[in-house]
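Shown next, in structure tokens, is the structure this report addresses.
No lab work stands behind these numbers, since they all come straight from the coordinates. In this text, all values refer to a predicted model and were calculated from it rather than measured experimentally. FYI the Cβ positions are ideal-geometry reconstructions off the backbone, even for glycines, and counts take in every protein chain you see.
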Amino acid sequence: RRRDLLRQLGASFDVLDVDVPEQRLPGEPAEDYVNRVAREKAAAGLLQVVALRGAVVLGADTEVVLDDEVFGKPAGEADAARMLRRLSGRTHRVISVVWAVSAGREEHAVCVSTVEFDALSGATIAAYVATGEPAGKAGAYAIQGRAAAFVRRLEGSYSGVMGLPLHETARLLGHFGLPD
């Protein structure tokens, strides 16, 4: 998803694989957690390309938050169904943070959107989980997929809910003189 979104900005880029633990610390506020993980991803990526003159690395993280519970990626189908039952008929926040880092500079942007889900029946949840779409998605849903039908109201950034807020990312890239 993030590759497709970055392409919309006209940015040329390579993807770096980084291994950053996504574990919320005890007592860590949700926004601080998302911010920390995004920054750690960017820093880990920069370590891989620090020898490339002018390299700028983006790191991003997006999480679904309801009642201060962070809904990461579901551990399996049962976990996905549990998350969707909790989100059903409720309004939750989607926090997306993007960091841009280079050898001598770093900046970040925070995007918080609110998403109101319609009430979902058990059958609707089971059918959605069976599609496999919730796998690997924060909050067990993809707003750009079949779960778009669950969204009663969205306030904020559609692309931010997808995983990369384009407005904020474009501004960050512009601060670094990008795209070319």
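Worth a mention:
- Magnitude of the charge dipole, the stretch 105-180, Cβ model with Lys/Arg +1 and Asp/Glu -1, debye to 20: 180
- Added length on full extension, which subtracts the Cα-Cα distance from 0.36 nm per residue, ALA44 to ALA78: 9.0 nm
- Full extension of the chain between GLU31 and ALA126 yields a length gain of 31.2 nm, computed as 0.36 nm times the residue separation minus the alpha carbon distance.
- Point-charge dipole on Cβ atoms (K/R +1, D/E -1) for the chain, about Cα centre, debye to 20: 380
- Centre separation in Å (Cα based) which lies between the stretch 26-70 and the stretch 144-161: 22
- Computed [θ] at 222 nm, deg cm²/dmol, the chain (DSSP H ≥ 4; -39,500 (n - 2.57); rounded to nearest 500): -10000 deg cm²/dmol
- FRET efficiency, 1/(1 + (r/R0)^6) with R0 25 Å, evaluated for LEU9 and GLU155 via beta carbons: 0.65
- ³J(HN,Hα) computed for each position of the stretch 85-98 - Karplus, 6.51 cos²θ - 1.76 cosθ + 1.60, integer Hz, glycine/proline x: 4, 5, 7, 4, x, 10, 10, 10, 9, 10, 9, 10, 10, 10
- Evaluating 6.51 cos²θ - 1.76 cosθ + 1.60 at θ = phi - 60° for every residue in the stretch 139-150, the Karplus couplings come out as x, 6, 8, 10, 4, 7, x, 5, 5, 4, 5, 7 Hz, glycine and proline recorded as x.
- Each Cα pair under 8 Å and six or more residues apart adds its separation to the average, and for the stretch 102-180 the resulting relative contact order is 39 percent.
- For GLY145, residues with placed amide H under 5 Å, excluding near neighbours: none
- From phi via Karplus (6.51, -1.76, 1.60), per-residue ³J(HN,Hα) for the stretch 116-128 in Hz, x at Gly/Pro: 9, 8, 5, 5, 10, 6, x, 5, 5, 4, 4, 5, 5
- Each Cα pair under 8 Å and six or more residues apart adds its separation to the average, and for the stretch 1-60 the resulting relative contact order is 30 percent.
- The chain: relative contact order as a whole-number percent, Cα under 8 Å and 6+ apart: 24
- Between the listed residues LEU52, PRO29, GLY132, the Cα displaced farthest toward the positive end of the dipole of the chain, a dipole computed from Cβ unit charges relative to the Cα centre, is found at GLY132.
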